[in-house]
1. For region 551-567, indicate whether the set of residues that are loosely packed, with under 12 Cβ neighbours inside 10 Å, among the hydroxyl-bearing types (S, T, Y) and modelled with pLDDT under 85 is non-empty.
2. Being of a type in the set (D, E) and farther than 10 Å from A441 by Cβ is the filter; apply it to region 453-490 and report the residue that is surrounded by the fewest Cβ atoms within 10 Å (Cβ to Cβ).
3. Output the helices (runs of 4 or more DSSP H) that fall wholly within region 487-591 and possess 3 or more residues being of a type in the set (S, T, Y), or say none.
4. Could we say that V220 is in contact (Cβ under 8 Å) with a residue 60 or more places away in the chain, part of a helix (DSSP H, G or I) and either assigned by TED's automatic domain parsing to the domain that holds A309 or under 30 Å from V306 (Cα atoms) (or both) here?
5. Tally time: how many residues in region 405-436 are small (G, A, S), assigned to a helix (DSSP H, G or I) and surrounded by fewer than 21 Cβ atoms within 10 Å (Cβ to Cβ)?
6. For region 308-318, check the following and say yes or no: at least one residue is closer than 21 Å to S230 by Cα and either among the basic types (K, R) or surrounded by fewer than 22 Cβ atoms within 10 Å (Cβ to Cβ) (or both).
7. What residue, among those in region 225-249 that are surrounded by fewer than 16 Cβ atoms within 10 Å (Cβ to Cβ) and among the hydroxyl-bearing types (S, T, Y), is modelled with the lowest pLDDT?
8. Since K439 meets every condition but one in (1) free of Cβ contacts under 8 Å to residues at least 60 places away in the same chain; (2) part of a helix (DSSP H, G or I), which condition does it not meet?
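The values are calculated or read from the model by the stated rules, or taken from the named source; none is laboratory data. All figures in this text were calculated on a predicted structure; none of them were measured in a lab. Please note: Cβ atoms are built from the backbone with ideal geometry, for glycine as well, and neighbour counts cover all protein chains shown.
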Amino acid sequence: MAGYALVVTSTTLQSQLLWVPPYHHKVTPFSGAQRDFSCWRQQEMAPSASFVAPSKLAPSASFVAPSVNYADFCRTHTLQICFRPFKSSTTRCVCRILLSTLGSQIGDQKQIANWELENGTEITCNLLILGFQVDQAATICKWSGSAWRIGGEFAEREGRNVREKGGCFSERKVIHARVVKSLDYRDGFIGDQLVSCYLNKGSIPDAQKLFDEMPYKDSVSWNSLVSGFSKRGDLCNCLSVFSTIRSEMALELNELTLISVISACASAKARDEGCYLHCCAVKLGMGLEVKVVNALINMYGKFGFVDSAFKLFWAMPEQNIVSWNSMVAVWTQNGIPNEAVNYFNMMRVNGLFPDEATMVSLLQACENLHLGRLVEAMHGVIFTCGLNENITIATTLLNLYSKLGKLSVSHKVFAEISKPDKVALTAMLAGYAMHGRGKEAIEFFERSVREGVEPDHVTFTHLLSACSHSGLVREGKYYFLIMSEVYKVQTQLDHYSCMVDLLGRCGLVNDAHQLIKNMPLEPNSGVWGALLGACRVHRNIDIGKEAAENLIALNPSDPRNYIMLSNIYSAAGLWSDASKVRALMKTKVLTRNPGYSFIEHGNKIHLFVVDDYSHPDSDKIHKKLEETMRRIQEVGFVSETESILHDVDVEVKTDMINKHSEKIALAFGLLVCSADKPLVIIKNLRICRDCHNTAKFVSLIEKRTIIIRDSKRFHQFSDGLCSCGDYWNVLSLELTRANMVQTKWEIPYADLAHWTELGTAWRMFWVWVKVNGSGCIMLF
C-alpha cells in the first residue's frame, strides 16, 4: 500500500484512496492529505462521518505512520473530537489509536486512552492495549476500571496475567492472542494487520489460527498471509496458500500474490517451483506485467539463469528503474561485474537516475572489479544524484574503500555520515580489523560505546579479529570475557574462531587447543581451520593432525584442508606422510585453486600467475624482478626456501620461490606505477613468508609503500616494516654490524611479553646495532 494516500473530501463525497509517487520530493501522502484538509477547513466545510476510510487506511499504516507530522496529526485529532459524528465511530477511534501507537507517542497515547476509555467500545479499548508494551498494557488495564462497560472483564483478566507473568515478549503475545479473540472482525483490516504482525514475529501457528477464525477473507487477507510466509522464507506454506487461492473460484489471483510466491522461490532457490510460477504468470496473462517480470528476473538471477533473466528483460515492453536495478544485481550476483557497469551506463543513457538499490549493487560490482578509479567515479555519481547522505550507500562505500586498501578514505566517508548507525560503525570496525589496526579499532569501539551504540555479536567479531591481526592477546581476552558478562552478547562460533586465531598467531597453540576443548559449542570448520593454520606456522604436528582430521570430517570435499595437512608434514620433513595426503587428494579428484595476483594500472587489471610470461612486457618485468632480488640480497635478504614444501634441492627451491605471482606483480608495479603512490597488489591466497619478507626489503630499498591484500588481511609495508607484525612468524630481529654483515637472532615467544609492555610487539623491528670485540650487543 506504500504509495497510496488518504485524501480528505467534502461531506458530499466519499473518502478515497489515491495513488501518489512514493518518492516525491519528501512530500509524504499524509502531508498531502493534511494540506487538502486545511484547504477544506478554510472553506468552512463541515466534515462528515466518511472523513476517514479506516478499512483502507490501516493496511498502509506501516507506510503512513513513520512519515506523519505528529503536530498535524494531533490537530486533526482535536478537530475530530470537536465534531459530534466522530464520537460514535468505532473505526475512527481504532485508526487514531493505531496511528498514535505507530508514532510511539506514549504521552499522547495516554491522552487518547483517557478519552477512549470514557467514550470507546470494547474494540477501541482492547486495541489500545496492543499499542503499549506489556508493562504499559497492564497500566491501561488498571486505568480502565469500571469504564470498560463491555471490555472490563477482558481488561481485568489481562491486567492480572501481566502482573503475574511479567513483561517479556512471550507474555505480550499471549495478551495479543487474547485480544484477537475479543475483536469484532467486521472491519477486516484489523485481522489482516494482526496476521501480518504474527508472521513478522515468526509466530506462524498463531497467524494461521487467527486467519482461520476470520469470518470474512478477501484478496487482501490472502495476500497478507502469502506475503508473511514469503518474508519468513516459508516456501511450503507459500505454495500451499497459492494452491488454495487457485482452487477457490471466488478468489482472484492478482499480481501481488504471484510476486510474493516468486520471491519465496527465489529465496529458497526452488528452481522447479519458480519455473512453474513463470508458466502460471504467462497462463494468467501476467507474463508481461512489469512488476511480475521484475520479480522473475530477480528469481532467475538468484538461480544463476543469467540467459533467462536477459531474455525476460529485453522482452519487456517497457523497463522501469526496478527492471534495470534487477539486471545490474543479476550481473553482480553471478560474477559478471563488467556487464553490471555496462547496464548502469545504458540506464543513464535512457534517462533514468540511479537510486539506492542501483548504487548498492553497482558498488558490489566495483568490489569484484578491484578498480579504484571506477570506485572514485561511482563516488562522484553518488554525490551528483544526491545519494551521499544515504547511510546504506555510505556504509557500502566505506567498506569498499577499506577493501581497496584506502582506509584513510573510509575515515572521510564515515566522518561525512551525520548519524552513523550500528551497521556503519561495524563496517568501520571491520576495516580496522582487515588492516591490522588493533589499537585504533579498540579506541573506535570504546568511543562508539560512550556515544550510546550497543554492540552486537557482529561488532565483537570484528573487534576480536582486529585484536587477532594485531597480536593483542591481553586485549582480546578482555573483550572476549566482558562480551557476555557486561554487554550480554552471547558467545558464538565466530568469536571462538577469532580467539583461537589470536592465540595461535602468538604461538600459544596449546592454549588455543585447550580453548576448543572447553567450548560449550560444537566447533565448526572456522575454529578448526584457525587452529590448523597456527599448527602449520609453528609446526605442531600432533595438534595439527587432529585439527586436519576434524576439518576433513566436517568438509571432506575442501582441498584446502588436505593441502594444509600436507604442508605440515612437509615442513617437518615427513615426506612420506605428505605424499600419502597428496595421493588421497588425487583419489578424491580434489584440486587446489591456482594462486594469482593482480595490480591496477591504466584503468586495467593486470593479472599474474606463477612463472607468468603471458604479459606483453614479460621480458621487462622478469628483468626488473631479477634486478630487484639482487639488490635486496646485497643488503642481507635470504630466501625462505622452507616455504617451498617439495623434496628438491635448495637451488631449485630458490628458483621456484622467485617466480611467485605476487613478486611478478610487484616487479610490474615498480616498472609502471608512480613512485609517489603506494603499490596495491591483491592476491587470492595467503602470502608466503618469502614473498612477505621480499616486500619488506623492497619497501626499504625503494623508499615506497607497498600494500598487499591476501585472502585474510592487508599487509602494508613501509621502511622495511609490515603492519601485520609478522605474528605468523617467530619474531626475529635482524641485527647487523657497522660493516653491514648481518647476523640473525631469533627471540622465542616467552620473551615477547617484555616487548608487549613497551607497546612495540605489534610490528616487526629492524634494529641496527654495533657489535664490539667482546660480542656484546649495544642497541641504539
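1. Scanning region 551-567, I find at least one residue that is loosely packed, with under 12 Cβ neighbours inside 10 Å, among the hydroxyl-bearing types (S, T, Y) and modelled with pLDDT under 85, so the answer is yes.
2. Restricting to residues being of a type in the set (D, E) and farther than 10 Å from A441 by Cβ, the top hit is E485.
3. By residue number, 559-571, 575-587.
4. yes
5. Residues meeting the conditions: 2.
6. For region 308-318, residues closer than 21 Å to S230 by Cα and either among the basic types (K, R) or surrounded by fewer than 22 Cβ atoms within 10 Å (Cβ to Cβ) (or both): absent.
7. Checked region 225-249; the qualifying residue modelled with the lowest pLDDT is S247.
8. (1)
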